[in-house]
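Participant: Dumping the structure here so I can ask a few things about it.
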Amino acid sequence: MLKILNKIQFSKEENKMKSIGNVEAAIKLFKESKSKNLKFLLKKRFDWMNEFIKPNDFGVELGSGPGFSKEFIKSKNFKISDLSNHEHLDYKNIDAQNTNFDGETFDFVIASNMIHHIPYPIKFFREVNRILKKGGKLIIFESYCSIAFQLATIIMKHEGFDFTMNVWDEKEPKSDEHDIWAGNIAVPHLIFDNKDDFNKNLGKHFEIKYEKLTECLIFLNSGGVSSKTFYIPMNSFFIKLLDIMDLILTKSFPKIFAMGRRLVLVKK
């Protein structure tokens, strides 16, 4: 991983994003907006997951926030959950580190851009392992802390990153325990890039079956998912053109441009 800095953090007052973590506002804007930018981004983030899900599989998304996955996941038995109690959720007040779901309940679990918000990721993985059936899938979309993403984070002063911490430790939180929207976008790098560390800490629970780096410009010009910022509205032609540019940039220079990471982990 290329690094501009090893660690940088910001206060809430410094954050240049708008409507940070305002779930209800994000849902309302998504439903009312005529902009195709965000809808294209979300389709890209969730559509690929359907390749690993059977129509009748029983699944849940943990930390779903606005729950946009419901628009794209095709399983008939898919539910969404979050730590909050918003009306759009199927399961309310669910802590992803301790869900209280019955063991071996789900065929798949989705975690979309939420692992880097979890104070103790190792607890999350153990809990998902517990609630998944044998052979069940943990389907992940997460940040990829490239140079471009580090720069965007520094410019917007949003979330921040810390490459110096021990991500497998259960004593110190990796993000603010008292702010569910605090984040550390270095966490996915610390978990997944070093495969020896991953296998040492999680290899007895999961095997990585699929991994791909993705997205840059379509994310930067989406306007944001739960938190909002400026973007240039585009028609389908120019959005698809950006997507083609993303494919070239993320494949040719992933450590510089890639901002997203797709993963499928299978329970052993």
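The values are calculated or read from the model by the stated rules, or taken from the named source; none is laboratory data. It should be emphasised that the depicted structure is a prediction, and the values quoted were computed from it without experimental measurement. We place every Cβ from the backbone using ideal geometry, glycine too, and count neighbours over all the protein chains shown.
Participant: Among residues belonging to segment 203-258 that are more than 21 Å from the chain's Cα centre (by Cα) and of a type in the set (D, E, K, R), point out the one that is surrounded by the fewest Cβ atoms within 10 Å (Cβ to Cβ).
Facilitator: Lys204
Participant: Now, a different point. Which pairs turn up if I take residues in segment 10-31 that are of a type in the set (Ser, Thr, Tyr) and look for partners that are surrounded by 13 or more Cβ atoms within 10 Å (Cβ to Cβ) and assigned to a strand (DSSP E or B) with beta carbon separation below 7 Å, at least 6 apart in sequence or on another chain?
Facilitator: Taking only residues 6 or more apart or on different chains, the pairs are Ser19/Lys228.
Participant: Which pairs turn up if I take residues in segment 148-161 that are touching a residue at least 12 places away in the same chain (Cβ under 8 Å) and look for partners that are among the charged types (D, E, K, R) and crowded, with 22+ Cβ neighbours inside 10 Å with beta carbon separation below 8 Å, at least 6 apart in sequence or on another chain?
Facilitator: Thr153/Glu159
Participant: Further question: Failed condition for Pro66, given (1) crowded, with 18+ Cβ neighbours inside 10 Å; (2) in contact with a strand residue (DSSP E or B) (Cβ under 9 Å, 6 or more places away or on another chain), with all others met?
Facilitator: Going through the list (1) crowded, with 18+ Cβ neighbours inside 10 Å; (2) in contact with a strand residue (DSSP E or B) (Cβ under 9 Å, 6 or more places away or on another chain), Pro66 breaks only (2).
Participant: Do you know which residues across segment 1-41 are surrounded by 14 or more Cβ atoms within 10 Å (Cβ to Cβ) and more than 21 Å from the chain's Cα centre (by Cα)?
Facilitator: Scanning segment 1-41 gives a single hit, Ser35.
Participant: Considering only residues that are closer than 19 Å to Lys255 by Cβ, of a type in the set (D, E, K, R) and free of Cβ contacts under 8 Å to residues at least 40 places away in the same chain, which ones fall in segment 165-195?
Facilitator: Lys195
Participant: Right, another one. Would you point out which residue out of Ile208, Ile218 is touching a strand residue (DSSP E or B) at 6+ places or on another chain (Cβ under 9 Å) and closer than 23 Å to Phe161 by Cβ?
Facilitator: Ile208
Participant: A further question on this structure: Go through segment 10-52 and give me each residue that's polar (S, T, N, Q) and modelled with pLDDT of 95 or more.
Facilitator: Asn15, Asn37, Asn50
Participant: Further question: What about Leu151, is it of a type in the set (A, V, I, L, M) and either out of contact with any Leu (no Cβ under 9 Å at 6 or more places or on another chain) or closer than 11 Å to Leu62 by Cβ (or both)?
Facilitator: Yes, satisfied.
Participant: So which strands (runs of 3 or more DSSP E) stay within segment 20-129 end to end and still have 2 or more residues that are among the small types (Gly, Ala, Ser)?
Facilitator: Fully inside segment 20-129 and qualifying: 106-112.
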